[in-house]
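Rule-based calculations on the coordinates, nothing more; no lab input. All of these numbers come straight from a predicted model, not from anything done at the bench. In this analysis, Cβ positions are derived from the backbone assuming ideal geometry, glycine residues included, and neighbour counts consider all displayed protein chains.
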Amino acid sequence: MIYLDHAATTPTHDTALEVFVNVSKHYYGNPSSLHDIGAEAKQLLEASRRTLAKILNAETDEIIFTGGGSESNQLAIKALLSSVDSTKNHLIVSEVEHSSVRNLFEQLERSGFIVSKIGVDSLGRISINELENLITERTALISIQHANSETGVIQDVEKIGLLTKKHGLLFHSDCVQTFCKIGIESKWFDAVSVSSHKVYGPKGVGAFYLSKSIDFKPEVPGTSQEKGIKAGTQNVAGIASFATAAKLTYANRADEYVRLTMLRSKIIEGFKNSGIECVDEGSTENKLSNILGLRFIGMEGQFLMLECSQTGLAISTGSACQVGSEKPNRTMKAMGRTDEEAIEFVRLSLGSENNEEQIDVIIQKIEVILNRHFAKAKF
Ligand SMILES: Cc1ncc(COP(=O)(O)O)c(C=O)c1O
């Protein structure tokens, strides 16, 4: 099987796996316990916090550990909102956010907040002018992802950060897909969500940066762990493994960016040379090197994904949470595609397992599936 679904999850790095086993065996103490075994676990926890803080250019006590990217998104946004006064009841969110953000904003809207949604253009980009026009004196917070998990399109979060500062608003960004791949400066944001299993760490672990300037109120007073934001004994082995994976992935990011950009363009070129009618969705100027959001004209994405799976290619129809929903892809709809076009969407996302030798196999397998499909369609 050629694995082309790294935006959904990545295999755990060998070294991160070793750390997980070692910490589970030898540093099993509860980091809140006051004896030496607890203190050792606490030291590891704090060392992991330092590692993440360094990558995000933040301070160590600005990192909160969680159970993954979705939880980071929801806890970070709620912590930010707990710091604003009740007259600020307007929120802005993009139309192309991950379901964990979208669902939370729907709940916030039901609970009385006024929510404005900002769309994207046909290349998947958010307009800063349009964003500024949505801001009112009641706006409390803006949540906009750093890069889209389906098209890989990167938003100009630095500019958005300047805008939010100018208007005195809070800015949260879901950086799950960009973390350890491109630079993230904590000073642009008030909160940033990240996840372990997208950077070759274990699943069920995540973190978020929360600026020290935020005077948040814990949702459940009395919670002692993670500044009162995330209750429960920390998953020290998972967190240490996450920090190890993050450090390795971050150190390798420049080489991997060049390598995956080359693989990416060769795949697109290969489809073109084979005469396959394929649309590479999203702005080519500002895109993650590992994500190819594609449409094969006349071919339903879900069907292609299942056929690919049978022939040994693991691709996806987009965000894992949308699989099986049979609805046209949301990001494509937000980019102005018709239902028929949005249903054609598939995502190939590259990572450490992929290499140049696989390119011909990928092209050939997809070509065979498409030829068979269109030959059948003629009769
Ligand atoms: C942009 C984005 N945000 C959040 C998440 C959720 O992360 P997790 O699976 O760790 O909850 C994902 C995962 O698909 C994602 O792509």
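Restricting to the chain, compute how many DSSP beta bridges are antiparallel as a %, nearest 5.
If I count the DSSP bridges inside the chain, around 55 percent turn out antiparallel.
Assuming R0 = 30 Å, what is the FRET efficiency of R110 and D156, from their Cβ-Cβ distance, to the nearest 0.05?
Efficiency, rounded to the nearest 0.05: 0.45.
Return K247, K203 ranked ascending by Cβ neighbour count within 10 Å, so the fewest neighbours appear first.
K203, K247
Taking region 46-180, how much of its Cα-Cα pair set, in percent, is spaced more than 26 angstrom apart?
Summing the P(r) tail past 26 Å for region 46-180 gives 21 percent.
Could you name the lysines in cross-link range of K327, using Cα to Cα under 17 Å and dropping any fewer than eight places away on the same chain?
Leaving aside lysines fewer than 8 places away in the same chain, none come within reach of K327.
Of K88/K165; K198/K272; K88/K217, which ones are farther than 19 Å apart at the Cα?
In this structure, K198/K272 exceed 19 Å between Cα atoms.
Over the Cα atoms of the chain, what radius of gyration and what Dmax do you get, in Å?
Calculated on Cα positions, Rg and Dmax stand at 21.5, 75 Å.
So which DSSP H runs in the chain come out at 24 Å plus along the axis (Cα) with average Kyte-Doolittle of at least -0.5?
Going by DSSP H runs, the hits are 36-55, 357-378.
For K159, which lysines qualify as cross-link partners when the Cα separation must be under 20 Å and same-chain residues fewer than eight apart are set aside?
Cα-Cα hits under 20 Å: K117, K181, K187, K287.
I want to check the label-to-label distance for T261 and E18. Put each point 7 Å from Cα in the C-beta direction and report it in nm to one decimal.
So the label points at T261 and E18 sit 3.2 nm apart.
Using alpha-carbon positions, what is the distance between the centroids of region 71-108 and region 210-228, in Å?
Region 71-108 and region 210-228 have Cα centres spaced 16 Å from each other.
So what are region 40-117's ellipsoid semi-axes, whole angstrom, largest first, if each one is the square root of 5 times an eigenvalue of the alpha-carbon gyration tensor?
Sorted largest first and rounded, they come to 30, 14, 11 Å.
Most exposed first by the Cβ proxy, i.e. fewest other Cβ within 10 Å, how do E106, E71 rank?
Fewest to most other Cβ atoms nearby, the residues stand as E106, E71.
Where does the chain land at 222 nm, in deg cm²/dmol rounded to the nearest 500, when only DSSP H runs of n ≥ 4 count, each adding -39500 (n - 2.57), divided by all residues?
-13000 deg cm²/dmol
How large is the direction-averaged shadow of the alpha-carbon convex hull of region 251-317, in nm²?
Its Cα hull, projected and averaged over all orientations, spans 5.4 nm².
Taking the Cβ of each residue in S111, S193, S82, S94 as the centre, tally the other Cβ atoms inside 10 Å and list the residues starting with the fewest.
With the fewest neighbours first, S111, S193, S82, S94 line up as S111, S82, S94, S193.
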